[in-house]
Amino acid sequence: MRLRERVIRRVLPRVLPPPVAVRHAEYSMLFSADDDAAQPTARLIQLALEAVKLAQSADLASVSARITSGIDYAAVWPGEHYKLLAGLMLALKPKSVIEIGTATGLSAIALKSFMLPDARIATFDVIPWRDYPETVLTTADFDDQRLVQHLDDLQQSASVERHRSLLEGADFIFIDAAKDGVMEQRFIDNLLQLKYQRSPIVMFDDIRVWNMLGIWRKLPRPRLDLTSFGHWSGTGLVDWSSTV
């Protein structure tokens, strides 16, 4: 573990403990907005407004039913991103969705549940969904072939090349990976090399977590912070085909 991460995780909590008692706390920093070159496009703002409105009435009961223990994250909104994902699917109506980071599969199910009947979602991970602890996925989720998992690491340029056609045809990409200060930047570098058939919207998780602060701020595309309507640790949308 690098020195900076060691300081954040071990020293700061002792020097600057959270001012209130909470279940989970992360260190972050506030930045001025007037000197951020990557201002959101009108498209991003309109999409966000529509998605938030639709998220209010999105029924995720079938997603919540898959959670057998612990917190029902799908029902927490604002504060978690599952309802916002639903709202984005209803507003954007994507035909091709990419998820980077399958994990338990909860986000994949939330996305699939609100996509058009002929839409497809490809989720990437290096761990098979069956082997992931507390997975909510079942074999039946893949039977209609609207959901497929690829066991590949999109940090690697060779992996991106293998899936170039799929990635370049995406309408929506959701990146929810390690937040280690390295992985997401590699994803970004690789995605910037692709030539997209349409104009994808890219959503990042945990953009306010310390390791993601610089990555998010330096991303050379129009961006919009939607944390108040998504995940408490940060949710951001990017208009990927536009430039700053």
Through the Karplus equation 6.51 cos²θ - 1.76 cosθ + 1.60, θ set to phi - 60°, convert the phi angles of the range 88-95 into ³J(HN,Hα) values in whole Hz; use x for Gly and Pro. 5, 5, 5, 7, 7, 6, x, 8
Rounded to two decimals, the Debye log10 I(q)/I(0) of the range 192-244 (Cα scatterers, no solvent) at q = 0.15, 0.17, 0.18, 0.28 Å⁻¹ is -0.41, -0.52, -0.57, -1.10
If the label point is 7 Å along Cα→Cβ of S32, which residues in the range 184-212 have backbone nitrogen under 17 Å from it? none
Can you give the local net charge around I188? Use residues other than it whose beta-carbon is closer than 11 angstrom to its beta-carbon, Lys and Arg +1, Asp and Glu -1. +1
Could you compute how fast the chain diffuses translationally, taking Rh as the Kirkwood radius over C-alpha pairs and applying Stokes-Einstein at 4 °C with viscosity 1.567 mPa s? Give it in µm² per second. 69 µm²/s
Can you give the percent of C-alpha pairs in the range 152-216 whose distance is more than 16 Å? 45 percent
Linear extension gain, A21 paired with T138, 0.36 nm per residue minus alpha-carbon span: 38.4 nm
Quick calc: nm separation of the 7 Å Cα→Cβ label points for V148 and V126 -> 2.3 nm
So, in Å, what gap is there between the alpha-carbon centers of the range 101-172 and the range 60-93? 17 Å
The answer for the net charge of residues other than S96 whose Cβ lies under 9 angstrom from its Cβ, with Lys and Arg +1 and Asp and Glu -1, is +2
Considering only protein heavy atoms and a 1.4 Å probe, what is the carbon-and-sulfur percentage of the accessible area of the range 112-228? 49 percent
So how much accessible area does W232 have, in Å² to the nearest 10, using a 1.4 Å probe? 100 Å²
Where Rh is the Kirkwood radius over Cα pairs, Rg/Rh for the range 33-74: 1.24
If every alpha-carbon in the range 101-220 counts as one equal scatterer, what log10 I(q)/I(0) does Debye give at q = 0.15, 0.21, 0.22 1/Å? -0.72, -1.38, -1.48
Given the protein chains as shown and a 1.4 Å probe, how many square angstrom of T227 are accessible, to the nearest 10? 10 Å²
How high is the relative contact order of the chain, given as a whole-number percent (alpha carbon pairs under 8 Å, six or more residues apart)? 21 percent
Kirkwood Rh (inverse of mean 1/r, distinct Cα pairs), the range 40-118, angstrom: 13.0 Å
From the protein chains alone at 1.4 Å, what is the descending order of accessible area for L224, L116, largest first? L116, L224
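Which sequence of L137, L92 reflects their accessible areas, 1.4 Å probe, from the largest down?
L92, L137
The values are calculated or read from the model by the stated rules, or taken from the named source; none is laboratory data. Remember, predicted model here, so these are calculated numbers, not experimental data. All Cβ positions, even for glycine, are placed from backbone atoms using ideal geometry, and neighbour counts span all protein chains on display. In case anyone asks, the SASA skips ligands and DNA or RNA and just uses the protein heavy atoms, side chains included. Shrake-Rupley method; radii C 1.70, N 1.55, O 1.52, S 1.80 Å.
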